[in-house]
Ligand code: GLU
Ligand code: MG
């Protein structure tokens, strides 16, 4: 954004505080806010941050095994192009930020910088990725007994739309004012569960919009007396909150996942990308389903997917090959990665997907046969014959798979992954010591 325009907005909207927001590997949006008079200095050299802050768990606890301890400094460097006045909070604005070294280089743990690297790797091959993060979340309002979901009604229920309506239109308005294009809205299967699919975007913007989306959902809810939770599985009895990732690879002007002659209109590139994803599950899940609670979501027959496989329009597959819209197939055929939830850091999740997909493309990996039914309806033997594995039942299993995955380790950087594993293992042991209530405290409202 041009400086003059930015300054005009600060003045006209009477902005008192501008947040410089980053999302650390723990998936929580954090930041520091500054007064508009500091703008020049902060755009020039950022805001100080102790380097260990990128290694803390959701409990703000710094593991003693982390390489980064309280000595050492990095800078939160806001990206002026992401400036937005917060439509739901008068007097406040935000910029998304990278985390940099004191010399102004990307800090080795900065997730946003990692995604920029992966996008450059794609660009070097003439490729670009289009992505949409598709969040589900639970909307609650206050009752005499505490915060309760706003409805106990059905999936796509029109009556549930009525109950959520005082929140939904202000939310859509706030999203669109920030350049997020809302395509649809519907209540989903769980009590109070909502979904608002948004338009896909190229490269970094899609991950930035995922941060802005969640910030806005939370902020509009608070402004209207509601609370939202992005926790993947609030109760074993409820449908989980997923965050499926829709994506397609493009060259200058063509969707490279589409081939009218291919089975299900899929190109060889799409098949190889899926081959990479399936090869690197469950290591990928350490980054896309990154909380202990994430693993409670993977339950058979709950549409979360729970076996490693792919299938055309199969909502129980790890990768759903989404059929294109009639007459617009070339533009709309895409892949949907399902073992992801909204506690993920979208920069890490998308980087990991690209890393796995590039491995698939480079090595022409075969995703195997498509699965045309719900894997839960097959016998264990039939699943074995189709090479389907059940997902890990806990986060530690996915972390161990990541630790042993040379492609993701070297692609994402050993220091980064070592620190991530240390941080996540500290989080697991804290939650183990606190029990189910500790897990709720960790994940219910922090994301
Ligand atoms: N709630 C399901 C999940 O946990 C997804 C339902 C759907 O297909 O939208 O991923
Ligand atoms: Mg859904």
What is the ratio of the Cα radius of gyration of segment 199-239 to 2.2 N^0.38 Å, with N the residue count, to two decimals?
1.47
Return the ratio Rg/(2.2 N^0.38 Å) for segment 306-447, where Rg is computed over Cα atoms only.
1.22
Roughly what % of DSSP beta bridges within segment 12-153 run antiparallel, to the nearest 5?
80 percent
How long are the semi-axes of the ellipsoid equivalent to segment 323-387, from square roots of 5 times the Cα gyration tensor eigenvalues, in whole Å, largest first?
24, 19, 16
Could you tell me the calculated FRET efficiency between residue 386 and residue 301, based on Cβ-Cβ distance and R0 = 22 angstrom, to the nearest 0.05?
0.80
To the nearest whole percent, what portion of all C-alpha pairs in segment 146-229 is separated by more than 17 angstrom?
47 percent
How much space per residue, in cubic angstrom, does the convex hull of the C-alpha atoms of the chain take up?
153 Å³
Suppose each label sits 7 Å from its Cα in the direction of the beta carbon; what would the residue 1-residue 313 distance come out to in nanometres?
4.2 nm
Take residue 73 and residue 176, extend 7 Å from each Cα along the Cα→Cβ direction, and tell me the distance between the two endpoints in nm.
4.6 nm
If you take every DSSP beta bridge fully contained in segment 272-390, what fraction is antiparallel? Give it as a percent rounded to 5.
55 percent
Rough spin-label spacing in nm, given labels placed 7 Å along Cα→Cβ, for residue 157 and residue 28:
3.4 nm
Fewest first, what order do 285, 423 take by the number of other Cβ atoms within 10 Å?
423, 285
What whole number of Å gives the distance from the Cα centroid of segment 98-159 to the Cα centroid of segment 52-94?
15 Å
When only Cα pairs under 8 Å and 6 or more residues apart are kept, what is the percent relative contact order across segment 211-292?
11 percent
Antiparallel versus total DSSP beta bridges in the chain: what percent is that, nearest 5?
85 percent
Quarter of the surface of the C-alpha convex hull for segment 67-196, i.e. direction-averaged projected area in nm², equals 13.0 nm²
Please list the three semi-axes, largest first and in whole Å, of the ellipsoid equivalent to segment 250-334, using sqrt of 5 times the eigenvalues of its alpha carbon gyration tensor.
27, 14, 11
Test of understanding: in a Gaussian network model of the chain with alpha carbons linked when under 10 Å, which of 326, 103, 51 would top the mean-square fluctuation ranking?
326
Between segment 178-238 and segment 301-350, the Cα center-to-center distance that results, in Å:
17 Å
Just for the Cα atoms in segment 347-418, what are the lengths along the principal axes, largest first, rounded to whole Å?
42, 30, 20
At 37 °C in a medium of viscosity 0.692 mPa s, segment 10-102 has a Stokes-Einstein diffusion coefficient, with Rh taken as the Kirkwood radius over alpha carbon pairs, in µm² per second, of 234 µm²/s
By the Kirkwood definition, with r running over pairs of different Cα atoms, segment 167-315 has a hydrodynamic radius in Å of 17.5 Å
Ratio Rg/Rh [Cα only; Rh per Kirkwood] for segment 1-43:
1.05
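Each value in this text was obtained by applying a stated rule to the coordinates, not by laboratory testing. As the structure is a prediction and not an experimental result, all values here were calculated from the model. Glycine gets a Cβ as well: all are built from the backbone with ideal geometry, and neighbour counts include every protein chain shown.
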